[in-house]
1. How would Thr162, Thr130 line up from fewest to most surrounding beta-carbon atoms within 10 angstrom?
2. If we restrict to alpha carbons, what Rg and Dmax does the stretch 133-262 come to, in Å?
3. To make sure I understand the rule: partners must be aspartates and glutamates, Cα under 19 Å from the Cα of Lys201, and not fewer than 8 residues away in the same chain. Which ones qualify?
4. Based on the Cα atoms of the stretch 208-268, what semi-axes does the equivalent ellipsoid have, where each is the square root of 5 times one gyration tensor eigenvalue, given in whole Å with the largest first?
5. To make sure I understand, if each residue's beta carbon is the centre and we count other beta carbons within 10 Å, what order do Cys67, Cys105 fall in, fewest to most?
6. Exposure proxy check: Glu256, Glu182 ranked by fewest other beta carbons within 10 Å?
7. For Asp185, which sequence-distant residues (separation of 5 or more, or a different chain) have an amide H within less than 5 Å of its own amide H, given hydrogens modelled in the peptide plane?
8. Defining a contact as two alpha carbons under 8 Å apart and six or more residues distant in sequence, what relative contact order in percent does the stretch 75-225 show?
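All of the numbers you see were taken from the coordinates with simple rules; none came from a lab. Treat the numbers as computed from the prediction; the structure is a model and nothing was measured. Virtual Cβ from ideal backbone geometry, glycine too; neighbours counted across all protein chains shown.
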Amino acid sequence: MISFRYIFLFVKVLFGKLIALCRRFGLVLWGFSKLLLLLSAAWLLVAIVVTPTWAPKKLTAPNSMVCGKVSGVVYELPRKYVIYWPEDEGKSSWEPVFINVKKGCGANLASLYMAMSWPEMQPVSYGEATSFRFDGISVAIGPWLHGEAGLRKQLQHYLRETPAALVKASKLNEDLGLNFLEGVDSEFPNRRKGFFWLEAKGRMQYIGYCNWVEPKANYSRCYLKFLIPGGDAIVNVEFLWERLGEWHNLALAVGEFFLNAVRYRVDK
C-alpha cells in the first residue's frame, strides 16, 4: 500500500508545479497588459491628432430670406412667409437633375407660394396656413407668358360649361365692384361654382372663382387672379368667401407686397 509519506510528496510536487505555472501565466498576462496599455495610448494619440478633421462642420443658420427670379424680376422676401419649397422653372425638385439648377437670386422660379394673416400681412406657421380654419390669405406668384389675352382665355375656360346666355346676361355687381355669376363647374358639370371678373377699358384685369360646398349650402374659398404690372407674372390669392367684398383691398395689398419685395430687374 502507498504510504501517507508518498502521497504527501506527490501533492507537494504537484502544488509546486501549479505555482510555477501560475507565475508563468501571470508574467504572460502582465506582458499582455503592458501591450494593451501601449496600444491604448497610441490610439488615444491618433484620436487627438485626427479627430479635428473628422469633426462635423459648424452648422450655419439658413438664410432668413428667399430670393429668386420670376419673369426677369428678382424678388427677395423673408423666408418665414414661404410655406412650400420654391419650384425652379423647368425642373421639379423630384428630378435628379434638380441639383444642377441655379440657386439663390439667379434661380428662375416657376412658383413661389406664401401664406400670411389678413389684414396684418404677417407670416403664419405651416400648420396654421394648411388648416381648414385658416382665415388669412394664401398667395402664389409665377411667370405668365400670355398677357391680358391669356387672362381672358382663362376666364373663358372657367365658364365653358356655363350657358352662354347666362354669361352674356351677367352684369356688374355694384356692391362687389365685380361681375359675379353663379355658373357651372367646368371640371364637374353637376356642381355649381361662382365666377367673378372685372374688365375695364377693354382689358381683363381680374378673374376668379369661388368653390361651392353642398353640405354647407354656401361658398367656401375664393381664388383671385391678376397680373403684376407689365403682365409677365401672375398672382393667385386664396381667401375665405366672406372676404370677397374685400377683394380690391386684397389685390392692392398683395401687389404692394410684391412691389416692395423687388430687389432688381433683369434686362431680357
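1. Working: Thr162 20, Thr130 13.
Fewest-to-most Cβ neighbours within 10 Å comes out as Thr130, Thr162.
2. Expressed in Å, the Cα Rg and Dmax of the stretch 133-262 come to 14.5, 43.
3. Cα-Cα hits under 19 Å: Glu148, Glu174.
4. On the way: eigenvalues 179, 27, 12 Å².
Taking √(5λ) for each eigenvalue gives 30, 12, 8 Å, largest first.
5. On the way: Cys67 19, Cys105 16.
Lowest to highest Cβ neighbour count: Cys105, Cys67.
6. Values: Glu256 11, Glu182 14.
Fewest-to-most ranking of Glu256, Glu182: Glu256, Glu182.
7. Residues meeting the amide H criterion: Arg191, Arg192, Lys193.
8. Details: 226 pairs, mean separation 20.4, N = 151.
Computed over the stretch 75-225, the figure is 14 percent.
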